[in-house]
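Remarks on the structure that follows.
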Amino acid sequence: MRRAWLGGMGLALATTCSACGGGGAQGHFASFSTNWEDDGGVSIARVWQRVGGATIAPAADVVIGVGGHTDKLVGMRLDGGGRWTFAHPIDARPVVAGEVVVGSGGGEVFALEAKTGSVLWRRPTGGIPLLGAGDDGTVTVVSFRKAGAAGSVLLAVTHDGQVVQQLETDRPLGAPAVLGRLAFVPWSGQYVSVIDLASGDEAARVTLREQTSRAWTQGGALWFGEVGYIRFDEHIRDASKGKATTVTLPARELPGSPKLMPSGSKPLAPVADAEDKVHIYARPRGADSGATIEDDRWYATYFRIAMGFGAGKGKLAWVHMGATDYVGGAAAEGGLVLCDEQGKVVQLDAKTGGTLSEADLGEPVKACVVNVDGQRLTGAPADAKPLAQQLSEVVTSDDPQLVIAQKLLLRELASAEDDVATKALVDLARDPRTSPDLLGDARAALANRRNGATYMEAALARHYDFLKDVLRPPPVGPIAQALGAMKEKGAAALLASHLFDPADTDDDVKQAAAALAIVAGPEQLASLRQFFGMYRASAPNDDVAAAVVSVGQALVQLQDPGGASAVTGAAKDPTTVPYARERLEAIVASLPPTPSPPEPKKK
Amino acid sequence: MQARSLVAAACAAAAIIAAAGASEAKPKPPVADAPRAIPLPADAIKRLRSGDLDQIKSALDDVRTSARAGAPAAPAVAELLAHGLSPVLTQAAIDTLADTEAEAGSEALSVYAHHRNVELRRAAVQALTRTRGAPAVRALRAALSDPDPAVRGLAATGLGNMRAKDAVSDLFVALDHKVAEAAASIGQLCAGSECERLAGKLGSVPFDVVTSGLDQVLFRPATDVSDDVKVKIVGRVRELGTGEANRFLRTVQDKWPKAWSARVKQSIDQGVLATSGSPGSGGTP
């Protein structure tokens, strides 16, 4: 580690740093050195004793958008306060730290009051990209990635613009936090070094057993993490043994494989990309016994879809669909705050996914940073709906970009008990706009439904009709499978009508006939006989021939003398298509022998 | 068979015009150039019910040859269709019912108008236009919505030939769905305002399609379509002021029977004159 002037890198940061000598003060060691030996948590325990009892003020509850052509920031308070705009070139994603917004661009780094957008300080940087920042109310610590080389720069500036420390290292630093004039700096993915801002020395270090590149304060606690959350508490001394207070999210399949947090060691571009739109949000909460996930909810976005999950097993709790892609957000106490690319900010209820409030940054944004700390989301959600209905709306949405999420949500829908789920599957399977990627899944799910017969029957009532612009027949096959399995005799007439619809697929006819073998009643005898005669010798393929067999079976089961006779005759008739004849022979063979007529009594 | 029925339809149309030309008020019945009927062989029906494929085939041939005289065999042919035949024999049975022109065959044909084999479906729809009756009209109206364009076209033509006036509204929907054959049928069937509605399609539906129907309207007798309607139709065509309008009116002018309405004739003449300078009109009359 070198205490360096940013000016030494050809930059023009002036510093008042006076403690720029080497390390070696008692209990201190070379910052970010790799020959450090694990001290078993002694040094970090000392830090905990020093600052663990400190009160951490809540950070600003704000939304910051990168607007224009990445040449301005737009800020808005979540408590209903006004908006502000700060015109400045932006070359990296801004960071909210405490009550400060830190941004970079135009060759300088600057700090603004988060609530007003007023400039606190600005320093030239020569254009090195901003990584992260922390703030304790008096000092802001900012980390940068070195331009064109491995390594990082750490800069500590008081709110009045005085540089108190400026460190340069070859190590990849992450996003820092500040507490009690100590900077907590994650680096190399596994360490957090505590830098004493008074001396610039590393006062402590802790080795973490989870990928860690970020430190931040939230909910009155200090947290480290990237793939999970590690709390800075009395257990931090055992972190190297994997016994720190840790909370992680359950593993589950999510569309687009989103991340909980981006790496704090890599600069984030000023314009949101797919990783911002496909994202996980959660908020850790400190508890007496360790840490939990706030509200037992965590969230994921996939473009304009937001999803809420149970913290325990990751069970889907709700789905919400916005108008445009979400580009930023944050989990809060009571829900989720999301910001979309049109600059709309929505607060969603943790329990239901219903909308608690909506606000507007006033213009479209290239990227958006949401920070919620002290504010609790409250109110009655405006559009709370049952999960099946929410899923239904999302999976039937005609948006090719959402197909991957829709496939996953379709599986959720398929397991929902609600009849509405059946309706959604029916709608999806018969809508000509449904993506081919979804159609197969929807049909398969529909075939496995065991409720919602009313919706299925309503679908069967519609047939292909050129003049009425009904150009896609209903999903007869899957519906027939479901109705057959449910033994839904009320659907027999509708199923029979589909035996004669040339617009239905051969498989549809096959499945309809198979269902009729289960549910047909005497009222269907005429249709069954008609179909049997029509196709027994002219079935164009095995599917239709199989339908002939099923219909023959139905005729026999219904003990229709005419039908049974037709089946017996067809089983012997060489003009009957071979596929059907072989199987009809088997049916006839299984029939009980016809009782012989009683012999006349001899007188 | 298809060619045969189309020729028959064309002859019928020509006969209507010829008859109307002779006397607009009382058109004479068309003089059919019908071949002498060959009696149905006495054993034909027995052979149809024999269950023997060769006998069935020969009997179907005999019934077809007997044409209308084969009508008594229609129920037996319908029974065969209900029992089920190979595709080839099914086609033969359908064609046979068509040739008998027996309404008794319409119910069986209606079922086959929904067959999955599109060739059989087309044959059944064509046959229905000859066997006629309420079941045939029902089946043809349904066939306007068939997935196969040829079936839709045949159904539209059939409804016109069958004088199924109740189907005019369906035919307008079909015309709006690009079933071009519907125009001529509407022209055969429309009442006054319906005929004007057909003329109103000029500009939104291809000219040739609409005029295939307007031609039918103009040559229907005055007892069927009033002169007022015909004059309005001529006026609508004239308003187009195009070469194709001129050519159409000239064709009508050439065919217009001398004994028919002078008022309509005058409007046609004026229409021809007014459109004669249009590009592509082919010069002054």
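The values are calculated or read from the model by the stated rules, or taken from the named source; none is laboratory data. Not measured: the values here are computed from a predicted model. Please note: Cβ atoms are built from the backbone with ideal geometry, for glycine as well, and neighbour counts cover all protein chains shown.
Quick rundown of the values:
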{"read-out": "Condition broken by B:V179, with the remaining ones in (1) within 10 Å of chain A (Cβ to nearest Cβ); (2) surrounded by 21 or more Cβ atoms within 10 Å (Cβ to Cβ); (3) in a helix (DSSP H, G or I) satisfied", "value": "(3)"}
{"read-out": "Test result for B:V168, out of contact with any Gly (no Cβ under 6 Å at 6 or more places or on another chain), within 14 Å of chain A (Cβ to nearest Cβ), surrounded by fewer than 24 Cβ atoms within 10 Å (Cβ to Cβ) and aliphatic (A, V, I, L, M)", "value": "yes"}
{"read-out": "The lone exception for A:K510 - which of (1) under 30 Å from B:L171 (Cα atoms); (2) within 42 Å of the chain's Cα centre (by Cα); (3) within 12 Å of chain B (Cβ to nearest Cβ); (4) assigned to a helix (DSSP H, G or I) it fails", "value": "(1)"}
{"read-out": "Matching residues in segment B:132-152 - criterion: being part of a helix (DSSP H, G or I), within 12 Å of another protein chain (Cβ to nearest Cβ) and closer than 20 Å to B:L198 by Cβ", "value": "B:R141, B:R152"}
{"read-out": "Residue satisfying condition, being touching a Ser or Thr at 6+ places or on another chain (Cβ under 7 Å) and of a type outside the set (S, T, N, Q), within set A:R237, A:R181, A:R214, A:R171", "value": "A:R171"}
{"read-out": "Count of segment B:192-217 residues which are at pLDDT below 95 and over 21 Å from B:T242 (Cβ atoms)", "value": "2"}
{"read-out": "When residues of segment A:493-507 are limited to those that are crowded, with 23+ Cβ neighbours inside 10 Å and not in a loop (DSSP other than H, G, I, E, B), the one nearest to the other protein chains (Cβ to nearest Cβ)", "value": "A:H498"}
{"read-out": "Options A:T158, A:T140: the member that is closer than 25 Å to A:V63 by Cα, without any contact (Cβ under 8 Å) to a residue 40 or more places away in the chain and of a type in the set (V, I, T)", "value": "A:T158"}
{"read-out": "Scope segment A:561-579; condition surrounded by fewer than 20 Cβ atoms within 10 Å (Cβ to Cβ) and outside any helix (DSSP H, G or I); matching residues", "value": "A:D573, A:P574, A:T575"}
{"read-out": "Residue list for segment A:221-258, filter: touching a residue at least 24 places away in the same chain (Cβ under 8 Å) and within 22 Å of A:E412 (Cα to Cα)", "value": "A:L249, A:P250, A:A251, A:R252, A:E253, A:L254, A:P255, A:G256, A:P258"}
{"read-out": "Residue tally, condition touching a Ser or Thr at 6+ places or on another chain (Cβ under 7 Å), surrounded by fewer than 19 Cβ atoms within 10 Å (Cβ to Cβ) and more than 16 Å from A:R83 (Cβ to Cβ), over segment A:332-382", "value": "2"}
{"read-out": "All positions within segment A:196-214 that are under 17 Å from A:G134 (Cα atoms) and among the polar types (S, T, N, Q)", "value": "A:T212, A:S213"}
{"read-out": "Selection from segment A:518-548 of residues that are more than 14 Å from every other protein chain (Cβ to nearest Cβ) and in a helix (DSSP H, G or I)", "value": "A:I518, A:V519, A:P522, A:E523, A:Q524"}
{"read-out": "Condition met for B:L249 (farther than 21 Å from B:F172 by Cβ and part of a helix (DSSP H, G or I))", "value": "yes"}
{"read-out": "Residue in segment A:272-288 that is crowded, with 18+ Cβ neighbours inside 10 Å, of a type in the set (G, A, S), at pLDDT below 95 and under 22 Å from A:V227 (Cβ atoms) present", "value": "yes"}
{"read-out": "Pair list, Cβ under 7 Å, 6 or more apart: segment B:76-92 residue more than 9 Å from chain A (Cβ to nearest Cβ), other residue part of a helix (DSSP H, G or I) and hydroxyl-bearing (S, T, Y)", "value": "B:V77/B:T96"}
{"read-out": "Scan of segment A:550-570 for residues that are away from chain B (no Cβ under 13 Å) and either of a type in the set (G, A, S) or more than 25 Å from A:A492 (Cβ to Cβ) (or both), ordered by number", "value": "A:S550, A:A554, A:A564"}
{"read-out": "Spans of strands (runs of 3 or more DSSP E) in segment A:250-306 with at least 3 residues within 17 Å of the chain's Cα centre (by Cα) and outside the structural domain of A:L222 (by TED's automatic domain parsing)", "value": "A:278-281, A:297-302"}
{"read-out": "Flag for B:L189 being without any contact (Cβ under 8 Å) to a residue 40 or more places away in the chain and within 17 Å of B:L128 (Cα to Cα)", "value": "no"}
{"read-out": "Filtered residue count, segment B:264-284, keeping only those that are part of a helix (DSSP H, G or I) and either aliphatic (A, V, I, L, M) or under 22 Å from B:G200 (Cβ atoms) (or both)", "value": "9"}
{"read-out": "Which numbered condition A:L483 misses (of (1) within 14 Å of chain B (Cβ to nearest Cβ); (2) buried (at least 24 other Cβ atoms within 10 Å of the Cβ); (3) closer than 16 Å to A:L460 by Cβ)", "value": "(1)"}
{"read-out": "Options B:T129, B:T100: the member that is more than 11 Å from chain A (Cβ to nearest Cβ) and either farther than 23 Å from B:S185 by Cβ or more than 17 Å from the chain's Cα centre (by Cα) (or both)", "value": "B:T100"}
{"read-out": "Meets criteria (within 12 Å of chain A (Cβ to nearest Cβ) and in a loop (DSSP other than H, G, I, E, B)) for B:S50", "value": "no"}
{"read-out": "Evaluation of A:G132 against (1) in contact with a Lys or Arg (Cβ under 7 Å, 6 or more places away or on another chain); (2) surrounded by fewer than 24 Cβ atoms within 10 Å (Cβ to Cβ) (one fails), failing number", "value": "(2)"}
{"read-out": "Unique residue being part of a helix (DSSP H, G or I), at the interface with chain A (Cβ under 10 Å from one of its Cβ atoms) and modelled with pLDDT of 95 or more when the list is B:A155, B:A174, B:A124", "value": "B:A174"}
{"read-out": "The one condition in (1) closer than 30 Å to B:R130 by Cβ; (2) in contact with a helix residue (DSSP H, G or I) (Cβ under 8 Å, 6 or more places away or on another chain); (3) surrounded by 15 or more Cβ atoms within 10 Å (Cβ to Cβ) that B:D224 fails to fulfil", "value": "(2)"}
{"read-out": "Any hit, segment A:533-545, residues being under 24 Å from A:A453 (Cβ atoms) and among the hydrophobic types (A, V, I, L, M, F, W, C)", "value": "no"}
{"read-out": "Residue in segment B:186-201 that is within 14 Å of chain A (Cβ to nearest Cβ), of a type in the set (K, R) and outside any helix (DSSP H, G or I) present", "value": "no"}
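Here is a yes/no grid of residues against (1) crowded, with 24+ Cβ neighbours inside 10 Å; (2) more than 23 Å from the chain's Cα centre (by Cα); (3) in the same structural domain as B:A164 (by TED's automatic domain parsing); (4) of a type outside the set (F, W, Y):
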residue	(1), (2), (3), (4)
B:L60	yes, yes, yes, yes
B:R64	no, no, yes, yes
B:A76	no, yes, yes, yes
B:T90	no, yes, yes, yes
B:T96	yes, no, yes, yes
B:V111	no, no, yes, yes
B:L120	no, no, yes, yes
B:A143	yes, no, yes, yes
B:P149	no, no, yes, yes
